[in-house]
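Chemist: Before I ask anything, here is the structure I am working with.
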Amino acid sequence: YILSMGEPAQIQFTFRGAVSEDTKAYFIKGAELARQLAFDSWNAQLRDAMRVVLTENRDTYVNTMAREFGISPEQAAAEARNEVWTDRGSVVVMNVAALSEPEEKIQQIAFVVLSRLINETGGMQNMDNLKWLSYGTASIMSARATERSGFARYGDFQGAWEYGLRQSRSWPALTALNTLANWSSAADKYGPAAVRGVAALSTHYLSDKYG
């Protein structure tokens with residue numbers, strides 16, 4: 001299945017294993033909602049084509065990563081422990097079994113699409129030096145896209161970010177989340193939920209105040 005929207009680059013979906021028709025539809029809808037929201041909000045569209053490979057379970061996810069990215073099964077398994085999707089270049093591989101609800105499927109693919117669009121618009125190097133802002137923007141925009149689907153409210157995601165912080169004993173300052181290396185170190189120290197919550201809520205408050 002290939003999703004296109006006017007002149008922008010295509011998003012091609014391929015499937016590995018028994019991915020249900022409903023699941024396919026949620027991911028395709030999520031990508032469409034993300035693109036439409038970006039166009040409505042920023043008049044921005046994807047410039048580079050991307051291919052999304054949806055896999056039926058963790059084993060297929062690991063095997064597909066190894067084949068698509070030319071890495072060892074051991075390296076692929078290590079990456080699969082903490083992430084439900086992985087990308088390299090123009091290819092994204094996702095484990096749909098880790099996303100049980102429609103809103104999770106929609107939000108995750110929206111996050112993927114918006115992350116790429118943000119990096120294209122702001123420049124990969126610039127965004128890599130403002131990791132918290134690029135992650136936070138993709139988080140709040142993917143939540144907005146999911147809200148458009150009718151399966152969840154934006155406040156549900158905000159509540160989840162706040163819950164992640166409440167469950168953490170402490171959390172990092174934004175200055176500790178500027179680069180990917182900083183981000184990874186902070187995630188090891190404070191936990192992924194705290195790092196993601198700080199980035200998402202900080203961007204939420206900036207957006208709420210300044211638009």
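Chemist: For ARG88 and GLU120 in the same chain, what is the full-extension length gain: residue separation times 0.36 nm, less their Cα-Cα distance, in nm? Numbers along the way, then the final one.
Modeler: Numbers: separation 32, 0.36 × 32 = 11.52 nm, distance 1.47 nm.
Full extension from ARG88 to GLU120 adds 10.1 nm.
Chemist: To continue, here is another question. Near the amide H of ALA44, under 5 Å away, which other amide H atoms are found, from residues 5 or more places off or on another chain, if H is placed in the peptide plane?
Modeler: PHE39
Chemist: What does the accessible area per residue of the range 153-206 come to in Å², with a 1.4 Å probe and no ligands, DNA or RNA counted?
Modeler: Working: 3060 Å² over 54 residues.
Computed with neighbouring chains in place, this is 57 Å² per residue.
Chemist: Let me ask something else. With a sphere of radius 12 Å drawn around the Cβ of GLY159, what net charge do the other residues whose Cβ falls strictly inside it have (Lys, Arg +1; Asp, Glu -1)?
Modeler: Charge balance near GLY159 sits at 0.
Chemist: Under 5 Å between amide H atoms, partner at least 5 residues away or on a different chain: which partners does ARG153 have, H built in plane at 1.01 Å?
Modeler: HN-HN under 5 Å from ARG153: empty list.
Chemist: Using the heavy atoms of the protein chains alone and a 1.4 angstrom probe, what is the accessible area of the range 8-122 per residue in square angstrom?
Modeler: Spelled out: the 1.4 Å probe surface of the range 8-122, per residue, equals 44 Å².
Chemist: Arrange the peptides 134-142, 24-32, 77-85 so that the one whose residues have, on average, the most other Cβ atoms within 10 Å appears first.
Modeler: Working: 134-142: 24.0, 24-32: 21.2, 77-85: 15.1.
Listed from highest to lowest mean packing, they are 134-142, 24-32, 77-85.
Chemist: Taking θ as phi - 60°, what are the ³J(HN,Hα) couplings along the range 176-193 by the Karplus curve (6.51, -1.76, 1.60), each to the nearest whole Hz, with x for Gly and Pro?
Modeler: These are the phi-based 3J(HN,Hα) values: 8, 10, 6, 10, 4, 5, 4, 4, 4, 5, 5, 5, 5, 7, 9, x, x, 5 Hz.
Chemist: Shape of the range 68-145 from its Cα gyration tensor (a ≥ b ≥ c, root eigenvalues): rounded if a/c is under 1.5, otherwise prolate when a/b > b/c, or oblate? Provide the component values of the computation, followed by the final result.
Modeler: Numbers: a/c = 2.16, a/b = 1.20, b/c = 1.79.
Oblate shape, in that a/c is at least 1.5 and b/c is the bigger or equal ratio.
Chemist: Here is a further query. Relative contact order of the chain: what whole-number percent is it, with Cα pairs under 8 angstrom and at least 6 residues apart? Let's see the in-between values first.
Modeler: Numbers: 316 pairs, mean separation 39.2, N = 211.
19 percent.
Chemist: Could the peptides 145-153, 182-190 be put in order, highest first, of the mean number of other beta-carbon atoms found within 10 Å of their residues? Can you show the working numbers first?
Modeler: Values: 145-153: 19.2, 182-190: 16.4.
Going by the mean number of other Cβ atoms within 10 Å, highest first, we get 145-153, 182-190.
Chemist: Still on this structure, please answer the following. Work out how far the C-alpha atoms of the range 82-211 reach from end to end along every principal axis, then list the three figures in whole Å, largest first.
Modeler: The Cα atoms of the range 82-211 stretch 34, 34, 32 Å along their principal axes.
Chemist: If I compute solvent accessible area with a 1.4 Å probe over the protein chains, what percent of it on the chain is carbon and sulfur? Intermediate values should be presented prior to the final figure.
Modeler: Values: 5050 of 10680 Å².
Carbon-and-sulfur percentage of accessible area, whole number: 47.
Chemist: Under 5 Å between amide hydrogens, which residues at least 5 positions from ILE71 or on another chain qualify, with H placed 1.01 Å from N in the peptide plane?
Modeler: none
The values are calculated or read from the model by the stated rules, or taken from the named source; none is laboratory data. Because the structure is a prediction, the values reported are computed rather than measured. When we count neighbours, we look across all protein chains shown, and the Cβ atoms used for this are built from the backbone with ideal geometry, even at glycine. SASA here: full protein model, heavy atoms, side chains in, ligands and nucleic acids out. Shrake-Rupley method; radii C 1.70, N 1.55, O 1.52, S 1.80 Å.
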